[in-house]
Amino acid sequence: MATERYDVVVVGAGAAGGWAARELCERGLSVLLLEAGPQLDPQRDFPVPAAPERRLVSRLAGGLRGQPIQMRCAAFNGRTRRFFVSDRESPYTTPADRPFNWFRGRQVGGRLHVWARVAPRLSDRELEQWPLSYADLAPWYDRVEGFLGVDDMPMNPAEEQFRAAVERAFPERRVLRARVVRHDRERQPATIRAAERTGRLTLRPNTVVHTVALDSRTGKAAGVSYVDRESRKAGEAHGRVVVLCASTIETLRILLNSGFGNSAGQLGRGLMDHVLTGLGGPLTETASQPDHSADPYDFGLATGFQVPPSEDAAWGFQGAIGRGVPVWYFLAHGEMLARPENRVTLSARTTDAWGVPVAHVSCQPSPGEVAMAAEQLETMRGLAATAGLEVRTPPSGRRLDALAFRLWRRRLLSPHGAFLPGTAAHEVGGAPLGSDARTSVLNPFGQCWDAENVFVTDGAAFPAGCWQNVTLTIMALTARAADYIAGELAAGRL
Ligand SMILES: Cc1cc2nc3c(=O)[nH]c(=O)nc-3n(C[C@H](O)[C@H](O)[C@H](O)COP(=O)(O)OP(=O)(O)OC[C@H]3O[C@@H](n4cnc5c(N)ncnc54)[C@H](O)[C@@H]3O)c2cc1C
């Protein structure tokens, strides 16, 4: 059994874990970064020319080859399926009447290998129920954006026309260029590369963490227990601090499995995604041609604009018109409320390929969220009509696409027309930040009230929802927590 001791053990090498590793290493700390999946190989896993997308065939094959949930993700295709988890190896359960789509990537880099890079900030309006304000987060947004680079996506002529038509008809509406993180052609996240350059990072892929081991004498974590993905051998890793960045539901699963964090009765409760609806249709021609010099593994070129909420709404939408293909689409993201009955628990019967109890996810929209979905669709239809855009499902109009849509409709859409919860892949909540240990799981820096050297900095820490895409905020929260951890360690308080 391994017994090395590090300053900090970080679990999960995705968007959050990369930031934790970079910030902690750059502050002089030794970091062990444990990742359940493999390290990707730039040649083998990112072949050029890239495999064709062949969406329909890939989905059928994915369904048959152990990815029946992952293949429902809009980004799943012949090129990307290797970046999605095997549902067979890593299952989860739901109540029969509450389907939930959970789209995951298990490899160094996590879901950064498929994300669309759209990166808006939250504002004080969304942070109202948080124990921190925009002023607390702003320097950390600056830091993340300064390192990764954030640009406004140029709109093509059809998108400019859409903007003009909407803003003429509804002067209070704003159609903004989408705010996107700059694409990085390297296959290892920039944060992890930066951490490696310090010489203080130990990255250990293929390490499936299942428990944070609490020392009953001190009430502090001694480290984590894991199973090696390939050899199935058990191991332990020790650190002065443990930071959980395994992605919202995985982090909750690890905490639930560890048996602490629930003194307030809140652990696992308040799971959220977005109230998600979509609309699309055909165009007679493309407005901007595909850029053939673009990286075939960049999936961030598909969003042209974002429309923030109108004053009285808690939802906005993003979209594109004729980007390389003669179709347009809008995708609305609405704020879900953190309701206690939407929760993650552990399955009593099902375990994953490594013998660890899987997450049981029970999440359902409220009547208010159903009404929000209807409002999203009605408003987007109105705006499409204003701009002369024809609505058609599926947008391509191809017979095979129409057949597939009819077959898969129930796995994607609720009867009321919204996508099933989880489909936005913006799942957050379940270990809320708060300023009172009696009502939250974490303090405002992501420090667990029940174990002071355990931190959660991924989406699980969100105490409330938002309409914005969540990853930029996850990164900023992580950078802020890392700075706090370094300060507390230096002061001898951890
Ligand atoms: C198709 C798609 C497009 C998206 N586009 C956007 C977008 O445009 N904008 C946006 O803001 N968000 C987007 N997202 C969401 C975004 O990817 C996530 O919010 C973000 O990746 C979350 O970061 P994370 O570090 O918490 O999780 P991840 O990036 O998923 O990383 C978690 C890591 O932890 C590892 N892990 C899990 N369990 C364990 C364990 N037990 N032991 C060890 N390691 C473990 C995983 O293997 C993974 O590498 C998109 C998601 C998808 C699927």
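Just so it is clear, none of the values below were taken in a lab; they were calculated from the coordinates. As the structure is a computational prediction, the values presented were derived from the model and not from experiment. With ideal geometry, Cβ positions are generated from the backbone for all residues, glycine too; neighbour counts draw on all protein chains shown.
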In the chain, what percentage of the DSSP-assigned beta bridges are antiparallel, given to the nearest 5? 70 percent
Computed over the chain: longest principal axis from alpha-carbon atoms vs helix 399-412 long axis, angle to nearest 10 degrees, is 40 degrees
Sorted peptide list for 444-454, 199-209, 13-23, 138-148, criterion being average Cβ within 10 angstrom, highest first: 13-23, 444-454, 199-209, 138-148
Inter-probe distance in nm under a simple model that places probes 7 Å from Cα toward Cβ, at W408 and A96: 2.5 nm
Give the value in nm², to one decimal: projected area of the alpha carbon convex hull of the range 204-250, averaged over all directions. 3.8 nm²
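For an R0 of 25 angstrom, estimate the FRET efficiency from the Cβ-Cβ distance between S310 and A138 and round to the nearest 0.05.
For R0 = 25 Å, the calculated efficiency reads 0.55.
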Would you please calculate the Kirkwood hydrodynamic radius of the range 374-494 over all C-alpha pairs and express it in Å, rounded to one decimal? 18.0 Å
Between the range 319-378 and the range 146-207, how far is it from one alpha carbon centroid to the other, in angstrom? 22 Å
Expected output is a single nm value to one decimal: the length gained when fully extending between A213 and R493, i.e. 0.36 nm times separation in residues minus the C-alpha distance. What is it? 98.8 nm
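Between A294 and L176, what's the calculated FRET efficiency when r is the beta-carbon distance and R0 is 22 Å? Round to 0.05.
Calculated value: 0.45.
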Rounding to the nearest 10 and keeping the result within 0 to 90°, find how far the Cα-based axis of helix 157-169 lies from the longest principal axis of the chain. 80 degrees
If one takes the longest principal axis of the Cα atoms in the chain, at what angle in degrees, from 0 to 90 and to the nearest 10, does the Cα axis of helix 367-386 lie? 40 degrees
Return a whole-number percent for the relative contact order of the chain, with Cα pairs under 8 Å and 6 or more residues apart as the contact set. 23 percent
Of all the C-alpha pairs in the chain, what % are more than 35 Å from each other? 29 percent
Using 1/(1 + (r/R0)^6) with R0 = 25 angstrom and r between the beta carbons of R398 and E285, what's the FRET efficiency to the nearest 0.05? 0.90
So for the range 236-294, using the alpha carbon gyration tensor with a ≥ b ≥ c as root eigenvalues (a/c under 1.5 gives rounded; past that, a/b versus b/c decides prolate or oblate), I'd call it oblate
Pop out the ³J(HN,Hα) list for the range 431-438 in order, Karplus 6.51 cos²θ - 1.76 cosθ + 1.60 with θ = phi - 60°, rounded to Hz; leave Gly and Pro as x. 9, x, 5, x, 9, 10, 4, 7
Could you calculate the contour length gain from L56 to E26, that is, 0.36 nm times the residue separation minus the distance between their Cα atoms, to one decimal place in nm? 6.3 nm
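Could you give the length gained on full extension between Q161 and R193, defined as 0.36 nm per residue of separation minus the Cα-Cα distance, in nm?
7.4 nm
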